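In what follows, a single structure is set out as structure tokens and then discussed.
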Amino acid sequence: MTEEPIPVSHGVFKIQGNIYTLNLVPGKSVYGEELFLYKDVEYRRWDPRRSKLGAFLIKEKDLPFRYDSVVLYLGAGDGTTVSHLSDILTHGKVFAVEVAKKPYRNLLELSKKRKNIFPVLADARNPENYKDIIGKVDVIYQDIAQRDQVEIFLKNLFLLEEERFALIAVKARSMDVSSPPKEMYRKVEKRLEERHEVISCVDISPWQKDHAIVVIKR
Ligand SMILES: C[S@@+](CC[C@H](N)C(=O)[O-])C[C@H]1O[C@@H](n2cnc3c(N)ncnc32)[C@H](O)[C@@H]1O
């Protein structure tokens, strides 16, 4: 298998069957991921077992993120996935909303080295608290494992520019432990279809068990 990086989406490459982004901060790994040097350029492996968006990419090939996109990320955690978006958004930015103080502190540390990350300590249930600092965005991505995850997503969609894409990572078990995950994904799709165009619903198992990512267009 060739070692040459093959572009698959903006700023994303396939190398020997795995997915990588161009490392914005060469020499630094964020969560223990492998670094790969090819012709003096460093790439970071995007681990699909650590990142739902990474798992989605393996199945879906294309992402709606461009090098100059402004992204609203809800449920940023310690910044594992945010760091890969930071690699992609060389001329854009990512507002990383996180409600818990500990991961927020890690995001703050990450943002010192990666200037396109803007951590926001807030509850995504109350977008009116951050709407003025964020303004309208090109893409929304949400990864919040809460029972009301779909309501949180819908509440934030007014921050998305028209005709742009938003993605939600759906954790079936957080919404209902007894129903089969596929039934839950269908329910979420139906709910979103009431007001938006559903572009795809991608089951991201086996990398992320009982999870799917639903993409909508506003
Ligand atoms: C699955 S983890 C995020 C992992 C991260 N997205 C990644 O891929 O690197 C979910 C995060 O959502 C945060 N969260 C939960 N409820 C939230 C809310 N209402 N507003 C903002 N963040 C929330 C949790 O504190 C947790 O850090």
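The values are calculated or read from the model by the stated rules, or taken from the named source; none is laboratory data. Just so we're clear, the structure is a prediction, and the values are computed from it rather than from any experiment. Glycine gets a Cβ as well: all are built from the backbone with ideal geometry, and neighbour counts include every protein chain shown. Just so you know, the surface numbers come from the protein's heavy atoms only, side chains and all, with ligands and any DNA or RNA stripped out. Shrake-Rupley method; radii C 1.70, N 1.55, O 1.52, S 1.80 Å.
Overview of values
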{"quantity": "Computed E for residue 59/residue 186 - FRET, C-beta separation, R0 22 angstrom, nearest 0.05", "calculated": "0.80"}
{"quantity": "Lys, Arg +1 and Asp, Glu -1 on Cβ, resulting dipole of region 35-115 about Cα centre, debye, nearest 20", "calculated": "220"}
{"quantity": "Highest average packing first - 136-145, 57-66, Cβ atoms within 10 Å", "calculated": "136-145, 57-66"}
{"quantity": "Percent RCO, i.e. relative contact order, over the chain, from Cα pairs under 8 Å lying at least 6 residues apart", "calculated": "16"}
{"quantity": "HN-Hα J in Hz across region 90-100 - Karplus 6.51, -1.76, 1.60, θ = phi - 60°, x for Gly and Pro", "calculated": "4, 10, x, 8, 10, 8, 9, 8, 9, 8, 8"}
{"quantity": "Candidate lysines - alpha carbon under 20 Å from residue 190, same-chain residues fewer than 8 apart omitted", "calculated": "155, 171, 182, 217"}
{"quantity": "Efficiency of FRET from Cβ geometry, residue 193 and residue 67, R₀ 30 Å, rounded to 0.05", "calculated": "0.45"}
{"quantity": "Surface per residue (accessible, 1.4 Å probe) for region 64-171, Å²", "calculated": "43"}
{"quantity": "By average C-beta atoms within 10 angstrom, highest first, the peptides 160-167, 99-106, 193-200, 72-79", "calculated": "72-79, 160-167, 99-106, 193-200"}
{"quantity": "Rounded percent of accessible protein surface that carbon and sulfur make up, region 52-217, 1.4 Å probe", "calculated": "49"}
{"quantity": "Under 19 Å between alpha carbons - lysine pairs in region 59-154 that sit 8 or more apart or on different chains", "calculated": "8"}
{"quantity": "Taking only Cα atoms of region 52-217, radius of gyration then Dmax in Å", "calculated": "14.9, 44"}
{"quantity": "Length-normalised contact order for region 6-45 - Cα pairs under 8 Å, 6+ apart - percent", "calculated": "32"}
{"quantity": "Distance (nanometres) between label positions extended 7 Å along Cα→Cβ at residue 115 and residue 40", "calculated": "2.2"}
{"quantity": "R0 of 35 Å, Cβ-Cβ distance residue 31-residue 148: FRET efficiency to nearest 0.05", "calculated": "0.80"}
{"quantity": "Spin-label model distance (nm) - residue 136 vs residue 18, 7 Å beyond Cα toward Cβ", "calculated": "4.0"}
